[in-house]
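Asks: Provided herewith is a single structure, encoded as structure tokens, for subsequent inquiry.
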Amino acid sequence: MTVMKAQQPRSKAVSTLPGIDEVFEKKLEELVIVLSAGQGAKSQVYDEILSLVERGLIRIALKRNKNVKSAAASYLGINRNTFQKKMTALGIPCRKTK
């Protein structure tokens, strides 16, 4: 019999920042309102929000790591191959800085 451990939050730093959840949720709600306007019976809001967040995180990680994908992936705490697949899926080019 396998005993599963309860998942712990990845970082306690975020939960210690006062009001960060509220600020993020307010901005997220604004995005949801814009994205859901005029949508039909089946909304794509969830997928669109995830794509926006992933795209933003990948761009930030690349900027902070001078477009070095392995360093950017490590910065985000994901595998380099996963990072590359997400870049491709989201249509994010990577240019080496000089």
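The values are calculated or read from the model by the stated rules, or taken from the named source; none is laboratory data. Just so it is clear, the model here is predicted, and its values are computed rather than measured. For neighbour counting, all protein chains shown are included, and Cβ atoms are generated from backbone atoms with ideal geometry for every residue, glycine included.
Asks: So, in the stretch 37-65, of the ones that are out of contact with any helix residue (DSSP H, G or I) (no Cβ under 9 Å at 6 or more places or on another chain) and either of a type in the set (Ser, Thr, Tyr) or in contact (Cβ under 8 Å) with a residue 12 or more places away in the chain (or both), which residue ends up farthest from residue 83 (Cα to Cα)?
Replies: 46
Asks: Out of everything in the stretch 1-35 that is among the small types (Gly, Ala, Ser) and modelled with pLDDT under 85, what residue ends up being nearest to residue 75 (Cα to Cα)?
Replies: Restricting attention to the stretch 1-35, the residues satisfying the condition of being among the small types (Gly, Ala, Ser) are 6, 11, 13, 15, 19.
Retained after the next criterion (residues that are modelled with pLDDT under 85): 6, 11, 13, 15.
Numbers: 6: 25, 11: 13, 13: 15, 15: 19 Å.
That would be 11.
Asks: Among the residues of the stretch 74-92, are any in contact (Cβ under 8 Å) with a residue 24 or more places away in the chain, assigned to a helix (DSSP H, G or I), over 13 Å from the mean Cα position of the chain (by Cα) and surrounded by 14 or more Cβ atoms within 10 Å (Cβ to Cβ)? Please lay out each step first, then the result.
Replies: First, pick out the residues of the stretch 74-92 that are in contact (Cβ under 8 Å) with a residue 24 or more places away in the chain: 77, 83, 86-87, 90, 92.
If we keep only those that are assigned to a helix (DSSP H, G or I) too, we end up with 83, 86-87, 90.
Applying the additional criterion that residues be over 13 Å from the mean Cα position of the chain (by Cα) yields none.
Checked against the condition, which is being in contact (Cβ under 8 Å) with a residue 24 or more places away in the chain, assigned to a helix (DSSP H, G or I), over 13 Å from the mean Cα position of the chain (by Cα) and surrounded by 14 or more Cβ atoms within 10 Å (Cβ to Cβ), the stretch 74-92 yields no hits at all.
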